[in-house]
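A.B. asks: Got a structure for you, questions after.
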Amino acid sequence: MKQSDTSLRQGTPRRSMLFGIASGAGALAVGGVGLAAPATAAPGARPREGFDFDTGNAPLEVFGPVSADPVRAEIHPSDATLIIRFSNLMAHAWFDAIAPYHPTAVGIHSELGRRPASEAKTNRNKNIALLYASYRMYSTLLPMYEDVWRTSMESVGMNPDDEREDTRTPVGIGNLAAKNVLKNRMHDGMNQLGDHGGREHNRQPFEDYTGYQPVNTAYKLRNPSRWQPRIATKGGGIFHVQQFVTPQLQHVRPYSYSDPGAFRVPEPRASDHHNRRAYKAQADEVLAASARLTDEQKTKCEMFDNKFVSLGSAVGSAAEGADLDGWVHLHTVADTATFDASIAAWYGKNVYDTVRPFTAIRHLYGDRPVRAWGGPGKGTVRLPASHWQSYLGTPDHPEYPSGSTALCAAEARAVSSFLGTDAIRIRVTRAKGSSVVEPGVTPHEDTVLSWDNWTDWRRDCGLSRFWGGVHFMAAVEESWDMGRKVGDSAFAFVRKHIDGEV
């Protein structure tokens, strides 16, 4: 095992994060001794009680406790494309911030030199660099919470107004690491600033610029093979028509490959309504799964649907025993894999633009009765097909391939390759009646969801999309394979940067 791999199995257990949100279990190693040149302190600021610059993990312990609510408020747990993007940007800023203190690592977005080994005897310099990188990223990505980020810096004696860019100091390294990530990714095709095409006024961040228009409308089904936007509601009498979320993701610049077409999945022939036997068979499979939903399946559906919890808890479990370098490198591996997988998946969604189960079932059966899950707390019933709903909310993008499945498969492959083992201990606790879909009903009792290897976790992630009624099995099966391939590519990319072979 190479240096950073070995470091992942040392230290005492702590937690890990997804885009600064604490979740799961991780770990840090206790470093040696030695002090770095001090950063500029904020006037009157006092170090936060309990944080140790020499042995701690600044992104986790300083920003982790305060970032959860702001991030969740701004990025809904089901908006996978934005969750993955923001998590990736943060992880890459961390990677570049500590690269100068690693014996071989080279930054992904910047070349900030190599600091003497004496400066890396403890975590002090790395933590200062990580604090400034985190602060600059949070302040740019979520500026409405600037007071939270400033207070976090001041709580550990850091001056948030210190804008040095001197690569001989950890402050300068942290500032530059964030600056270079933002410089390289704010115009990478995602339209994060809403200024695509030179737009100056009334910008709309993440707005589509591809001109995508669905063949079907929410009110008229013109082609039963193609995606149909759904009329959705969050309650209170307010309804809206879905829009394909971030279709431009297919054009975003990946890290580990040049063309998402290299991961193009086969044509989903069963989704062609002219192929009626196969079209009906896959719709009937979804109905059958809906009719036999178990308490455990429902709980897993909801857990995997929440990317903060599912992807975050898995990375957190994988980071158990990690020192600071290993913790950052593991997050970079995972977040690069999911980011590149999201691009490949959205490329496929644009190519095929395929029908979701809710449309196919209505098209096939109309108002005729079908046997399926009948809604929150109703169990399995006979109901008009036009009244059927999937257990999970219907995502706002075409069906094929499965983005969630691809993300899980890519993360599982990349992280297991980084660790050199398929073994993983993931435990997610769900209290009785804590379901969002069936509150007070599901699960029937306090439940611990558990996985002991990446293979089973990846499998259940994909199957949860089928159990939840939002994907046909073909989309799940093809996405397992696609995600695995992207995971291999992402792992190789990050490994080269850790080893300095770029």
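A.B. asks: Just report the Cα centroid separation between the range 453-502 and the range 362-429, whole Å.
C.D. replies: For the range 453-502 versus the range 362-429, the Cα centre distance is 16 Å.
A.B. asks: Related question: Just report the Cα centroid separation between the range 117-149 and the range 202-223, whole Å.
C.D. replies: 38 Å
A.B. asks: Going through the DSSP H helices of the chain, which span 18 Å or more along their own axis at the Cα atoms while scoring at least -0.5 as a mean Kyte-Doolittle hydropathy?
C.D. replies: Answer set is 80-98, 124-141, 170-185, 276-291, 324-352, 403-419, 473-499.
A.B. asks: Then there's this: Give me the net charge for the shell around Pro357: Cβ to Cβ below 13 angstrom, other residues only, Lys and Arg +1, Asp and Glu -1.
C.D. replies: Here the charged neighbours net out to +2.
A.B. asks: Based on the mean of other beta carbon atoms within 10 Å per residue, what is the order of 307-315, 389-397, 402-410, most packed first?
C.D. replies: Ranked by mean Cβ neighbours within 10 Å, highest first: 402-410, 307-315, 389-397.
A.B. asks: How many Å² of accessible area per residue for the chain, probe 1.4 Å?
C.D. replies: Heavy-atom accessible area per residue stands at 40 Å².
A.B. asks: In the range 183-320, what percent of the accessible surface is made up of carbon and sulfur (1.4 Å probe, ligands and nucleic acids excluded)?
C.D. replies: Reported share for carbon and sulfur atoms: 48 percent.
A.B. asks: Continuing with the same structure: So for each of 443-452, 327-336 I average, over its residues, the number of other beta carbons within 10 Å; can you give me the resulting order with the highest mean first?
C.D. replies: Per-residue Cβ counts within 10 Å, averaged per peptide and sorted highest first, yield 327-336, 443-452.
A.B. asks: List the cysteines in the chain whose Cβ has no other cysteine Cβ under 4.7 Å from it.
C.D. replies: Cys301, each lacking another Cys Cβ under 4.7 Å.
A.B. asks: So, one more: So what is the calculated 222 nm ellipticity per residue for the chain, using -39500 (n - 2.57) for each DSSP H run with n of 4 or more, over all residues, to the nearest 500 deg cm²/dmol?
C.D. replies: Rounded to the nearest 500, the figure is -14000 deg cm²/dmol.
A.B. asks: When you count, for each residue, the other Cβ atoms within 10 Å and take the mean per peptide, how do 262-273, 85-96 rank with the highest first?
C.D. replies: 85-96, 262-273
A.B. asks: Just tell me which lysines come within less than 19 Å, Cα to Cα, of Lys121; anything on the same chain fewer than 8 places away is out.
C.D. replies: Lys2
A.B. asks: Related question: Which entries of Lys126/Lys179; Lys183/Lys349; Lys378/Lys432; Lys298/Lys432 show an alpha-carbon separation above 20 angstrom in the structure shown?
C.D. replies: Lys183/Lys349
The values are calculated or read from the model by the stated rules, or taken from the named source; none is laboratory data. For clarity, every value in this text was computed on a predicted model and none was experimentally measured. We place every Cβ from the backbone using ideal geometry, glycine too, and count neighbours over all the protein chains shown. All accessible areas refer to the heavy atoms of the entire protein, side chains included, with ligands and DNA or RNA removed. Shrake-Rupley method; radii C 1.70, N 1.55, O 1.52, S 1.80 Å.
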